[in-house]
Every structure is written in C-alpha cells, then in structure tokens.
Amino acid sequence: MSLVPYALTRPFLFGLDPEQAHELTLNTMGRLQNTPAQCLWAQPRVSAPVTVAGLRFPNRVGLAAGLDKNGRCIDGLGAMGFGFIEVGTVTPKGQPGNPKPRMFRIPQKDALINRLGFNNEGLASFLANVQRAKSFRAGGGLVGLNIGKNAATPIENAVDDYLICLDGVYPHADYVTVNISSPNTKNLRALQSDEALDALLSQLQARRETLQRQHGRTVPMFVKIAPDLDEAQVKVIAATLRNNGIDGVIATNTTLARDAVQGLQHAEETGGLSGRPVFEASNRVIGQLRAALGGGYPIIGVGGVLSGADAKAKLQAGADLVQIYTGLIYRGPALVREAAQATAG
C-alpha cells in the first residue's frame with residue numbers, strides 16, 4: 001500500500017477543475033519520480049508474468065494511453081505496480097488540442113467526459129521523455145507508445161502522420177498502438193471503415209517490415225478501436241487486422257453514447273465518455289472480437305475497470321490483458337494492485 005492513502009488526497013483533487021487536477025498530479029509525479037518521495041504513492045508490483053504477442057508482461061494490468069500523453073511520468077506511474085504503461089497519443093507536431101474546459105467528471109457514475117483532442121508536445125519531446133524513463137523498464141515493465149494524426153492533417157493524408165510517428169517511436173517501443181478511435185479528432189473514426197482501415201494498416205505493416213530489418217528487432221503493433229461499433233463492423237475490423245498481420249487489438253476507447261449518464265450534470269458535453277458506463281459496451285466488443293479472431297489472438301481490454309472483479313470480467317469476456325485510466329482517478333493506486341491480484345494466474 002502506498003504511504004499516503006488516496007482517500008486523503010482525492011477530496012483535494014476533486015475540488016479542482018479536472019484538467020487542473022490532472023496536470024498538478026502529473027507535474028508533481030514528474031518532479032518526484034525516482035526520488036525517495038516516490039514512496040508516497042509507490043507499492044510493490046504483483047508478480048504474475050504472462051506472455052502476450054511475444055512479450056513477457058510482469059502482470060496483466062496496464063495503464064491506458066491518454067493519462068500521460070507526453071510520456072513524462074513513466075517511472076512514477078510504473079511505481080504503482082503496473083505491468084505495462086502505455087503513453088501518448090503522440091502526433092508528429094505538437095498541438096494544443098481543443099479549447100478548455102474539455103474534461104468533466106460525472107462522479108455519480110464513476111465517469112469522465114473528455115474532448116482533449118490529442119493535446120501533446122509533439123514527437124521530438126515525447127521521444128526525449130520516453131528515453132529518460134529508466135527504473136520502470138529496468139524492473140521489467142513494458143512501455144507501449146500510442147500514435148495518432150495531427151488535427152490539421154486532412155483525413156485523406158492521415159497515413160503520412162502515422163508513418164512519421166511509427167518511424168520515430170519504433171526504436172523505443174515495446175509495442176506500438178495505432179489510435180484510430182478517439183472521438184475528439186475530426187473524422188478520425190472514419191479510419192475504422194473497411195477500405196480506409198485496410199489502406200492504413202497495409203502501409204503501416206509495410207513500413208514496419210522495413211523498420212524491423214533496419215533495427216534488427218520486432219515490435220508488435222496493436223490497433224485501438226471504439227466501443228460504438230456493431231457486430232458486423234467488429235467482424236470486418238477483425239478480418240482486416242488479421243489480413244494485415246497486426247499483432248493485437250485494444251478494445252475499447254471512449255464512447256459517444258450517453259444513455260448511462262442521461263440527466264446528470266455534464267452528461268451532454270461533447271467528447272468521449274469513459275469509466276463505469278463504458279464497461280458493458282467494451283466487454284461486448286471484446287467478446288465479439290474473440291469470437292471473430294479465435295483463441296490466441298492478443299486482445300487488451302479497457303473500459304470501466306473500477307475493481308478487481310471488473311478486471312477479471314474483462315478476461316472472462318475474452319481479453320488477455322487489461323488497462324485502466326478513469327478507474328485510477330476514482331480509486332487511486334490501490335486499484336492497480338487489486339486488479340493485478342484478481343487477474344493473476
């Protein structure tokens with residue numbers, strides 16, 4: 001257990017604007033990681049190793065992308081006991097994202113709405129931060145790097161941005177995630193349609209083969225998809241992933257649906273809804289992917305994990321690994337250990 005229980009710090013953080021609380025937490029963690037003060041939130045990692053996509057994960061619980069967009073706090077976040085940390089989404093050029101306010105809590109439902117819009121410092125700054133991280137990887141932790149496109153890049157040229165990012169992150173990633181499912185970059189989800197997805201992934205796979213030869217190492221590539229897909233769409237995506245040699249899939253991103261939060265304050269804000277309300281939709285997509293892909297194809301389940309039982313349910317739905325984000329904001333570091341224990345073995 002971390003030295004300072006999250007129950008003591010949460011009321012202070014929840015008294016702040018959500019994005020302000022987010023930045024304060026990351027700035028503090030960035031300064032204190034790898035110092036004795038890290039004991040304030042650090043806890044021992046549950047050791048329950050599992051091999052997925054040819055990688056040895058120390059346990060099945062990871063941090064989802066989006067919390068640490070610039071890769072500033074890999075070691076600090078890793079000290080909470082995660083088996084793997086995914087950072088990003090990074091775009092070739094830095095961009096401010098959407099106008100503020102753009103993050104909203106719905107505490108009655110353990111939920112968040114965000115429309116951040118891939119705000120990040122750009123590829124060069126991101127890679128410098130990733131290379132500075134030492135202790136998490138030294139202890140066996142794995143780092144995934146999540147890539148996207150700039151808002152100003154027309155959707156028909158999206159592949160150019162993904163290729164630039166893939167070239168940059170490849171030497172430094174344990175795995176790469178292609179994010180085509182954020183609802184906060186205009187038209188991005190159109191890349192999930194069959195022809196667009198096939199065109200994007202075929203070019204990424206061709207570039208990866210070149211990078212593989214160049215760097216003498218194979219880096220698995222995952223694709224992150226939305227929960228707002230019907231079964232037919234999921235089947236097409238599954239076939240496209242397989243046909244293009246993609247190593248795995250992350251299910252799911254945030255949802256545009258609002259049924260579960262209707263009538264609550266902030267429920268009508270534009271953006272992606274995460275947390276408890278996306279749990280069932282995420283599990284449904286995971287189950288459909290597993291049915292379409294068969295056993296053995298790597299699936300990372302994310303969406304609405306707020307307890308060890310939730311994490312276990314992701315595995316029962318068909319996932320091999322789980323990620324958390326919103327649950328960490330509501331539950332704190334204790335959730336990491338609880339989820340890792342529940343999914344061990």
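For the range 161-217, the Stokes-Einstein estimate of translational diffusion at 25 °C and a viscosity of 0.890 mPa s comes to 200 µm²/s, using the Kirkwood hydrodynamic radius over alpha-carbon pairs.
When DSSP beta bridges are restricted to pairs lying wholly in the chain, around 35% turn out antiparallel. Over every Cα atom in the range 1-109, the radius of gyration and the widest Cα-Cα span, Dmax, amount to 15.6, 43 Å. Taking the Cα centre of the chain as origin and assigning +1 to Lys and Arg Cβ atoms and -1 to Asp and Glu Cβ atoms, the resulting dipole is close to 780 debye.
Summarising the amide proton neighbourhood of Ile250: residues at separation of 5 or more, or on other chains, whose placed amide H is nearer than 5 Å comprise Val223, Lys224, Ile225, Ile300.
Scanning residues 5 or more positions from Thr177 or on other chains, those with amide H under 5 Å from its amide H are Leu145, Asn146, Ile147, Phe222, with H placed 1.01 Å from N in the peptide plane. Pairs exceeding 20 Å between alpha-carbon atoms, taken from Lys100/Lys186; Lys109/Lys224; Lys69/Lys314; Lys69/Lys109; Lys69/Lys93: Lys109/Lys224; Lys69/Lys314; Lys69/Lys109.
Taken over the chain, the alpha-carbon convex hull comes to 118 cubic angstrom per residue. Using a/c under 1.5 as the rounded threshold, could you call the range 38-77 rounded, prolate or oblate? The axes a ≥ b ≥ c are square roots of the C-alpha gyration tensor eigenvalues, and prolate needs a/b larger than b/c, oblate otherwise. Judged from the Cα gyration tensor, the range 38-77 comes out oblate (a/c at least 1.5, b/c at or above a/b).
Values quoted throughout were computed directly from the atomic coordinates according to the rules given, and no laboratory measurement underlies them. Bear in mind that the values here come from a model prediction, so they are computed numbers and not experimental data. Note that we place each Cβ from the backbone using ideal geometry, even for glycine, and neighbour counts take in every protein chain shown.
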